[in-house]
Amino acid sequence: MKARDIVRARGHPLVQGTHPTTFEVTRDETLTLSGDCIIGIAADKGAADLDPGLRALLRDVRAVLTTRLVAGGQTVVVRSQGSAAFTLDHPADLVWRRSDFVSDRTVGIRSDHVAAALPREFIEALRRGEELVVELEAEIPEGT
């Protein structure tokens, strides 16, 4: 069982990519230096807008989320887990977390990448304002 969705956003000159525990993509049109986890702005979807099938799978503790971040000709693959505690009802934000913390913005926990771990060349592309394509694919592995 698999489900997918794509979110389109863009970078910004103030993208820092330095947060040690999360990264975020937001519908907000602006970014300040305090948003050190934000890697993409002006997204066309928030958590509440994701495909209903994807949202249902992400709410399963067995779900594995593979996120492909594509910008400036570079791709970063992030692996995370789902959670029965996800509400996925935030209208503007999508957040991936290293921890098990869950809020209405959380789409993945126990992520193997956070903002600070993203390749600096990738962050530089986002600082140039490149388009960011976020491909989310959740699945329940067989035998779980």
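Cβ-Cβ distances below 8 Å connect the following pairs, each with a first residue in segment 78-91 that is over 18 Å from Asp51 (Cβ atoms), a second residue that is among the charged types (D, E, K, R) and surrounded by 15 or more Cβ atoms within 10 Å (Cβ to Cβ), and a separation of six or more residues or different chains: Gln81/Arg110; Ala84/Arg59; Ala84/Asp60. Is one or more of the residues making up segment 128-139 of a type outside the set (Lys, Arg), more than 21 Å from Leu14 (Cα to Cα), surrounded by fewer than 15 Cβ atoms within 10 Å (Cβ to Cβ) and in contact (Cβ under 8 Å) with a residue 24 or more places away in the chain? Looking through segment 128-139, none of the residues is of a type outside the set (Lys, Arg), more than 21 Å from Leu14 (Cα to Cα), surrounded by fewer than 15 Cβ atoms within 10 Å (Cβ to Cβ) and in contact (Cβ under 8 Å) with a residue 24 or more places away in the chain. Close Cβ contacts (under 9 Å, 6 or more residues apart or on different chains) running from residues in segment 1-26 that are farther than 16 Å from Ala43 by Cβ and charged (D, E, K, R) to residues that are open to solvent by 10 Å² or more (accessible area, probe 1.4 Å) and in a loop (DSSP other than H, G, I, E, B) comprise Lys2/Ile140; Arg4/Asp51.
For segment 60-117, filtering for residues that are of a type outside the set (A, V, I, L, M) and out of contact with any strand residue (DSSP E or B) (no Cβ under 9 Å at 6 or more places or on another chain) leaves 4. Look at segment 48-61: where a residue is open to solvent by less than 10 Å² (accessible area, probe 1.4 Å) and a partner is of a type in the set (Ser, Thr, Tyr) and not in a helix (DSSP H, G or I), sitting 6+ places away or on another chain with Cβ atoms under 8 Å, you get Leu58/Ser83.
Per the listing Ser34, Ser99, the residue uniquely under 22 Å from Arg10 (Cβ atoms), open to solvent by 10 Å² or more (accessible area, probe 1.4 Å) and either at pLDDT below 95 or out of contact with any Lys or Arg (no Cβ under 6 Å at 6 or more places or on another chain) (or both) is Ser34. Within segment 62-81, being crowded, with 19+ Cβ neighbours inside 10 Å, more than 20 Å from Arg27 (Cα to Cα) and either more than 14 Å from the chain's Cα centre (by Cα) or among the hydroxyl-bearing types (Ser, Thr, Tyr) (or both) holds for Ala63, Ser80.
Total residues in segment 106-127 satisfying the condition of being open to solvent by less than 10 Å² (accessible area, probe 1.4 Å) and in a helix (DSSP H, G or I): the figure is 5. Against the conditions (1) surrounded by fewer than 21 Cβ atoms within 10 Å (Cβ to Cβ); (2) modelled with pLDDT of 95 or more; (3) touching a Ser or Thr at 6+ places or on another chain (Cβ under 9 Å), Ala84 satisfies every one except (3). When Ala115 is tested against (1) under 18 Å from Leu50 (Cα atoms); (2) under 12 Å from the mean Cα position of the chain (by Cα), only condition (1) is not met.
The values are calculated or read from the model by the stated rules, or taken from the named source; none is laboratory data. It should be emphasised that the depicted structure is a prediction, and the values quoted were computed from it without experimental measurement. Here the Cβ is made from the backbone with ideal geometry for all residues, glycine too, and neighbour counts use every protein chain on show. With ligands, DNA and RNA removed, areas are computed over all heavy atoms of the protein, side chains included. Shrake-Rupley method; radii C 1.70, N 1.55, O 1.52, S 1.80 Å.
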